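Engineer: If you scroll down you'll find the structure; I have some questions about it.
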Amino acid sequence: MSAIDDVRNTDRINYLNIGLLLLSCAVAFFVPFELFLLAYGILGPGHYLTEISWLHERRYFTKERYDLLFLLSSCFVLFLVIYILPDLSLELHVPNAVKTILIIVGAVVSFCMIFLKRISHRFIAFLVICAGVLVSKNMVVLFAVFVPTLIHVYVFTGLFMLYGAMKGRSRSGYIAFALLLVCPVLFIAIPTGYIAPGGYALEHYTMFEHLNRWILQVIGFFTSGEPTFVNDLYHSPAGVAVMRFIAFAYTYHYLNWFSKTGIIGWHKIPRQRMIWIAVIWTSAVLLYWWKFEIGFYVLLLLSLMHVFLEFPLNRITFTGIFSGLATNKRSSRPQ
């Protein structure tokens, strides 16, 4: 394939992504709760499975021999501390400080370790982070709540898009990235068009409400103990804007992955593995359809795994963007 054909193929995929981005934005305007549940239950499992498979083919982009084991262990610790042990920890009288440190081991440290090679540097970073988090609860919220959710599906997706546009010097890639930034502004600027969620959405979104709660608290709209929280989340202008953003971010995150199959090449795997992925994905979708709550908890660890295993790739993306910016800055200087 010639360089011109490569550019045309990239542009076709970018314009497809622009269409999917606008479609996700439009649907999120009207039925954000239903859109989120649909995308999470159908597209989500397929994304987890195919991305983990793709990362496996590339040895997870890890730098050191034991990085993969560390990432998986951290992921499992976070899963236990946040979703499995809250009630048990109350019975065992586990101090909040201990739980805080465990959360950091699960989220913050695993991310920082990817950037550091020497054992001594990793150990120092661990101590510094734990000390900082014991002082600041905001850091716990950032890494334990937002990194596995919105930072992963929105911020990292945007950085991948920017990195791709910079590498290919693609105008269509920059347009897609710009639209990704504009859509959340539209959710705030245009409060109309919202359709109140139906019974199914109200019943099954409860397990995700904590994310909306934290966002509303961060922007100062809601304070803990507010008796009108449920009404604010589902019907207030701020609550609706937040939910539109969440639904848009998740839906486009999944669609972006599948639309770039030709570039990413996640389908180029052994046939037997592809069959297993199809079987597990089908089973997951049926499980969500039968009992959404059970599907959520059964697949939650898989969801966290794909977030953690992507950290080394995030490092490469950050490095590539900064290197590209530095190169552009040097080339723009007068000789």
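The values are calculated or read from the model by the stated rules, or taken from the named source; none is laboratory data. Since we're looking at a predicted model, the values are computed, not measured. Cβ coordinates were reconstructed from backbone atoms using ideal geometry, including for glycine residues, and neighbour counts include every protein chain displayed. Heads up: the accessible areas ignore ligands, DNA and RNA and are worked out on the full protein's heavy atoms, side chains in. Shrake-Rupley method; radii C 1.70, N 1.55, O 1.52, S 1.80 Å.
Engineer: Restricting to segment 249-269, name every residue that is open to solvent by less than 70 Å² (accessible area, probe 1.4 Å) and of a type outside the set (Phe, Trp, Tyr).
Structural biologist: Residues satisfying the conditions are Ala249, Thr251, His253, Leu255, Asn256, Ser259, Lys260, Thr261, Gly262, Ile264, Gly265, Ile269.
Engineer: So Pro312 ticks every box in (1) touching a residue at least 24 places away in the same chain (Cβ under 8 Å); (2) open to solvent by 10 Å² or more (accessible area, probe 1.4 Å); (3) in a helix (DSSP H, G or I) but one. Which box is left unticked?
Structural biologist: The number of the failed condition is (2).
Engineer: Given the condition within 21 Å of the chain's Cα centre (by Cα), at pLDDT 70 or above and small (Gly, Ala, Ser), answer yes or no: does some residue in segment 51-59 qualify?
Structural biologist: Scanning segment 51-59, I find at least one residue that is within 21 Å of the chain's Cα centre (by Cα), at pLDDT 70 or above and small (Gly, Ala, Ser), so the answer is yes.
Engineer: Quick one: Tyr154 ticks every box in (1) at pLDDT 95 or above; (2) more than 18 Å from Trp214 (Cβ to Cβ) bar one, so which box is it?
Structural biologist: Going through (1) at pLDDT 95 or above; (2) more than 18 Å from Trp214 (Cβ to Cβ) one by one, Tyr154 breaks only (2).
Engineer: Sticking with this structure for a sec: On the basis of being open to solvent by less than 20 Å² (accessible area, probe 1.4 Å) and either modelled with pLDDT under 85 or in contact with a helix residue (DSSP H, G or I) (Cβ under 7 Å, 6 or more places away or on another chain) (or both), does Leu233 make the cut?
Structural biologist: So Leu233 fits the description; yes.
Engineer: May I pose another question? Every residue in segment 234-291 that is free of Cβ contacts under 8 Å to residues at least 24 places away in the same chain and of a type in the set (A, V, I, L, M, F, W, C), please.
Structural biologist: Passing the criteria: Ala238, Met274, Ile275, Trp276, Ala278, Val279, Leu286, Leu287, Trp290.
Engineer: If you don't mind, there's one more thing I want to ask. For residues in segment 28-74 being of a type in the set (Ser, Thr, Tyr) and assigned to a helix (DSSP H, G or I), which is nearest to Thr261 (Cα to Cα)?
Structural biologist: Checked segment 28-74; the qualifying residue nearest to Thr261 (Cα to Cα) is Thr50.
Engineer: Quick one: how many residues across segment 154-206 are part of a helix (DSSP H, G or I), surrounded by fewer than 13 Cβ atoms within 10 Å (Cβ to Cβ) and among the basic types (Lys, Arg)?
Structural biologist: So the answer is 1.
Engineer: Here's another thing I want to ask about it. Return yes or no: is Ile277 among the β-branched types (Val, Ile, Thr), outside any helix (DSSP H, G or I) and out of contact with any strand residue (DSSP E or B) (no Cβ under 9 Å at 6 or more places or on another chain)?
Structural biologist: no
Engineer: Please specify each residue of segment 270-284 satisfying the condition of being among the small types (Gly, Ala, Ser) and either crowded, with 21+ Cβ neighbours inside 10 Å or closer than 28 Å to Met161 by Cβ (or both).
Structural biologist: Hits for segment 270-284 are Ala278, Ala284.
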